[in-house]
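Below is one structure, written out as structure tokens; the observations come after it.
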Amino acid sequence: MAGIRTEPVTINLGPQHPSTHGVFRLRVTFDGEEIVDAEPIFGYLHRGTEKLAESRSYVQIVTLTDRMDYVASMSNNLAYVSAVEKLADIKVPERAQYIRVISAELQRIASHLMATGFLLNDLGALATPLTYCFRERERILDLFEMLCGARITLSYMRPGGVLQDAPEEFWSALDTLIADFPHYLDELEGLITSNEIVLSRTIGVGILSDTKAIDCGISGPNLRASSVKWDLRKAAPYEIYDRLEFDIPIGANGDTFDRYQVRALEMRESIKIISQCIKQIEKGPIRTETPYFIRPPKGEIYSAVEGPKGELGFYMVSDGSIAPYRCKVRAPSYINLTPLTDMLKGWKMGDMIIILGSIDFVLGEVDR
Amino acid sequence: MINPIMFIGFYQLAELYQSMLSSIGLNTSVSWLYYGLAAASISFIVINTMVLSTAFYVWFERRTIARFQVRRGPNRHGPFGLFQSFADVIKAIMKENTMPTEADGPVFTVAPIVLIAPTLLIMSVIPFGEKSFLGSLNIGILFIVGVTSINSIAIFMAGWGSRNKYAILGAMRGAAMLISYEIPMAIGITSVLLISGSLAMTAIEESQKIWFIVVMPLGFFVFIVAAIAEMSRTPFDQIEAESELGSGYNTEYSGIKFAVLFLAEFMAPLITSSIVTTLFLGGTQGFDFLPGQIWFILKTFTVVFILLWLRATWPRLRIDQIMSFAWKILFGLGIFNIFLIAVEYTILTESGKSELSKPDMLIMGAINWIVTIIILFVLMNLFGNKKLNRPTPIPSPLANMNPEVD
């Protein structure tokens, strides 16, 4: 076959493509089916959140954070609100902290369910696991609706506490959810983990070594799948995480399957956390009285929480006015895409899609 | 088997036309006229039956998969949403019929027709009742194998003609995969032919004193896997691969051209299921309280349901995995199955019998089931995921990097 000349083909994957999870563009060069080069191109969903934040008061910015990682608004709220509280030195009542942790963990489950569902969709499973995941996610969204009336863009948290106390129905619904959820997870894992095709497609594909992961600043489940023990909930406990007992799932190989499995195990841990919170929570106030226009003293702060996608940090600079001088977001989705080119090289087209899916990025957060 | 519903074949219809023409005083020696009329009537019936049953099949598929996915499925147009397919087709016809500027016009236009023609042709030799539409074609199954191989050309035409990189990727995959899987499919059929001793579909059906799925499970396995790949459905849907290629070879198609591609694509499972029914499930055989045609349809839709079940549950394999599965496993299994059937047939017919009796087939079935289970078990352990024997993510309380807090 020496006489046949071949040449690499460049394909624009996106910005409109069914598996790029939004408007993500990837310029890929193929040699046949193999990827020679890949260049991610961002910015199609840029809304200037950070700049907008500079002209909003501290309470108003909460709504902007909803729209960053739009499948995990609660975690964004928590990250932002705790940064403001550190900046302005606001104390948070204990009940509010518990409610915050419960809702953040519920949001983590919802986000991981979506990541798993879409990973399987990228594998070509015709939306069946996806609908199963969405069925459970729907119940969590119902709980959020009880909390604050919204389902996606929640804006539930405020500097100094939460918007309102959880109603009575919330607690009973939460109890049934926690009782049901392990069975749901068993069902989902039965569909996925024992499937020969899923295993042969995901095991050993898209390996991210631990050193590479640390060098690129990866965080969250992607980092832990690469067998790095790092979780902000344990490493620098915020809210009331130091009172709770839970484990951190650590992967072994850092391949696509490990990234899935770490997420699956994290959902079980989140259930553990929530059930402990329900036992520990006591009656009390849910919000410290703060002025409507918070004027933090001059200074700067970096505060991060462990979001579903990774370390979600806010770097806030205050000049003493009602709006932040600078509000920089450390978006885990964006930083987790750093090693993408290296992860993709040498794999086939089908692998590319599931590697993208297993990284679990949300374009709202990548572009902000 | 019994067949109370009158079935008109091609030649009866031709004679009918001949007598009709002669009764109104036309010269009956113009044979092309009444053969032509008969052919036109038969093709009218076949095409319309197939289009209508495909419309029903699309509804069935969408409803079934919706049930698998905890959804309701189409339920707005007509009773139980039965007319959804018609609404879809009307919409597709009313859409603008676009063609990319750089596309190869004739190839692009002809591709849908080339894709749907063989699918309809196959229908003419499948025996729904005692006979097929074309009477009993004596090379029935060979005709099917030959005609289905046009598919790969059509898909490549569609991909090449669109001048779209995604379409070409899909078409290249399609060409490689469809040609590879034709071989295991033909080998799977060969084992049936060894016992039936005839290529005619009706003869194959009659020779099934015991259904061939019982007699040769390995052959059934090889055939059905290859057939799923031939119509490129999950887990082998590399040609379309929505999540990878957008829509694969039909990315650039719209309007009526897309509707025709869509029709051909959704007709394939119906055709495949009816071939499976004829080859392995005894065709129209059944109990006497229902006519043969009803049994045929019931069996066909059972096979269709199993295919849908697979489709709703399984993810897609990667292209290199698909190719190695065809050549390394399926091909070998098929050859082994032929060898097994041939040896058994030779031993059982040593006494000079020309064909196998019922007990003979039961003996063969017993041996083959044992062999099949052993082989599949061994293969599963050889190629299956031993890889899972590795450290899984361990919940670890030691994730704390900060010694003071620990």
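Throughout, read-outs are computed from the coordinates displayed, never taken from laboratory work. Keep in mind that this is a model prediction, so the values were computed, not measured. Using ideal geometry, Cβ is built from the backbone for each residue, glycine included, and neighbour counts are taken over all protein chains shown.
Here are a few things to note about the model shown:
- Cα-based shape type of the stretch A:1-80, given that a ≥ b ≥ c are square roots of the gyration tensor eigenvalues and the cut on a/c is 1.5: prolate
- The label-point distance for A:S321 and A:H183, in a model that sets each label 7 Å from Cα toward Cβ, rounds to 5.7 nm.
- Dipole magnitude of the stretch A:290-368, debye to nearest 20 (Cβ charges: Lys/Arg +1, Asp/Glu -1, about Cα centre): 240 debye
- A crude spin-label estimate for the pair B:F305 and B:W32, with each label 7 Å from Cα along the Cβ direction, gives 5.0 nm.
- Size descriptors for chain A, from the alpha-carbon set: Rg then Dmax equal 21.0, 80 Å.
- The charge dipole of the stretch A:188-325, taken about its Cα centre with unit charges on the Cβ atoms of Lys, Arg (+1), Asp and Glu (-1) only, comes to about 240 debye.
- In summary, the helical segments of chain B meeting the span-like criteria, namely a full DSSP H run, a Cα extent along the axis of 27 angstrom or more and a mean Kyte-Doolittle hydropathy of at least 1.0, are B:105-123, B:165-196, B:255-280, B:292-313, B:358-383.
- Helical runs assigned H by DSSP (4 residues or longer) give the protein assembly as shown a calculated mean residue ellipticity at 222 nm of -18000 deg cm²/dmol, each run adding -39500 (n - 2.57) before division by the residue total.
- Reported to the nearest whole Å, the Cα centre-to-centre distance from the stretch A:56-120 to the stretch B:155-176 is 46.
- For the stretch A:296-309, 3J(HN,Hα) per residue [Karplus equation, 6.51 cos²θ - 1.76 cosθ + 1.60, θ = phi - 60°, Hz, x = Gly/Pro]: x, x, 4, x, 9, 8, 10, 9, 9, 10, 8, x, x, 8
- FRET efficiency, A:R295 to A:T176 (Cβ-Cβ, R0 45 Å, nearest 0.05): 0.55
- Rounded to the nearest 10 degrees, the angle from helix A:349-359 to the longest Cα principal axis of chain A is 20 degrees.
- Excluding exposed DSSP-loop GluC sites (Glu not before Pro) (at most 11 other C-beta within 10 Å), longest clean stretch of chain B: B:103-349
- Averaged over the residues of B:169-180, the number of partner chain Cβ atoms lying within 10 Å of the residue Cβ comes to 1.
- Size of electric dipole in the stretch B:122-213: Cβ of Lys, Arg +1 and of Asp, Glu -1, about Cα centre, debye, nearest 20: 420 debye
- Taking B:T190, A:T193 and counting other C-beta atoms within 10 Å, the order from fewest to most: A:T193, B:T190
- Computed from the C-beta positions of B:L290 and A:E282 and an R0 of 45 Å, the FRET efficiency is 0.05 to the nearest 0.05.
- Residue among A:N253, A:V59, A:F144 farthest towards the positive dipole end of the stretch A:57-367, charges placed on Cβ: A:V59
- Restricted to Cα atoms, the stretch B:124-236 shows a radius of gyration and a Dmax of 16.2, 52 angstrom.
- Note on chain B: Rg/Rh from C-alpha atoms, Kirkwood Rh, equals 1.04.
- Residue-averaged beta-carbon neighbours from other chains (10 angstrom radius) around B:253-264: 0
- A simple spin-label model places pseudo-atoms 7 Å from Cα toward Cβ; at B:I45 and A:T10 they are separated by 5.9 nm.
- The protein assembly as shown: radius of gyration and largest Cα-Cα distance (Dmax), Å: 31.3, 109
- Tilt relative to chain A, helix A:128-148 - C-alpha long axis, 0 to 90 degrees, to 10: 10 degrees
- Between A:E138 and B:H77, the FRET efficiency from the beta-carbon distance, with R0 = 45 Å, is close to 0.95.
- Rounded to the nearest 10 degrees, the angle from helix A:256-280 to the longest Cα principal axis of chain A is 20 degrees.
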